[in-house]
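Values quoted throughout were computed directly from the atomic coordinates according to the rules given, and no laboratory measurement underlies them. For clarity, every value in this text was computed on a predicted model and none was experimentally measured. Glycine gets a Cβ as well: all are built from the backbone with ideal geometry, and neighbour counts include every protein chain shown.
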Amino acid sequence: SALAEVALSLMKEREQSHLLHLPWRSVEALTGPLGEGQTWVVGARTSVGKTTLLLSVALSLVAAGKVVLYATAEELKRDIVLRIAAMREGIDLPAVARGQVSEADQDKLVKLSGWLAESSLYTLYTHKVPDIERWATRLKFERSLDLILVDYIQRFLPQGRNRYEETTQVSNRLKSLAGDFGVPVMVASQFARGEGDPELRDLRDSGAIEEDCDIALLLHRQPEKSMVTQGGERELTLHVAKNRLLGRLGKVKLAWNSQYRCYIED
């Protein structure tokens, strides 16, 4: 039967190490690894760290030999490279952003250039879902595809009048994309303006996003009130607010390093 085939495929996936693991064990203890056909949403207010979380997942999986498609309508190419350089090579991001590149950072950028040329991280600059579909089809046919990242959903909406309806259409299409290609899709989403601990309803135009996603991760950081770790990093709260398969909900504390713009698990 079809269910029996699925059971055998799950065994085969585990035997062949096809699981897509998150960079943070404490988070994965709640969510489980990224699953085939799942839709994940990462919600946060502006400048809290949606892009950093997506790139952290991407770099971790690419380092494990996975093929990742990162679609963005938010970041400039230069800014993405700077983020990756800080996260992967440990360059002094504030200094390099000001044009103050030390010899050590020059060497790191040369090393990064070679890695990017050989890596399986594909970056697509677009605000149209059909472009993602075309690239996903091409990668699936020519090589393989393990994960699709979208940053962020509100930038992929047509500039019409009914934002809720447009969000529903894009959200449904991204969910179909995960199912059609058999890969997880992780989508960043903005919060509506507000303060305090975020909830699912804080996702901007959240009805469709909240309903369609299998797992929702909500990020929250209060720079002036946050606790500071011994290493000087501000703490960030990652709230697993929806977990359709496992049902595990909860909050995890991650340290945020502002110089290297990355999350650190204690």
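A few remarks follow.
- Vicinal HN-Hα couplings computed from phi for the range 162-172 (Karplus, 6.51 cos²θ - 1.76 cosθ + 1.60; Hz; Gly/Pro x): 9, 5, 5, 5, 5, 4, 4, 5, 5, 4, 4
- The range 28-115: mean projected area of Cα convex hull, nm²: 7.2 nm²
- The peptide list 103-116, 24-37, put in order of mean Cβ contacts within 10 Å with the highest first, becomes 24-37, 103-116.
- For the pair the range 135-168 and the range 44-113, the centres of their Cα atoms are 21 angstrom apart.
- Amide H to amide H, with H built 1.01 Å from N, ARG45 comes under 5 Å of PHE191, counting only residues 5 or more places away or on other chains.
- Kirkwood hydrodynamic radius (C-alpha pairs) into Stokes-Einstein, the range 25-178, 20 °C and 1.002 mPa s, D in µm²/s: 126 µm²/s
- Hydrodynamic analysis of the range 110-159 uses the Kirkwood radius over alpha carbon pairs. Inserted into Stokes-Einstein at 20 °C and 1.002 mPa s, it gives a translational diffusion coefficient of 171 µm²/s.
- Treating r as the C-beta distance of SER113 and GLU142 and R0 as 35 Å, the FRET efficiency rounds to 0.90.
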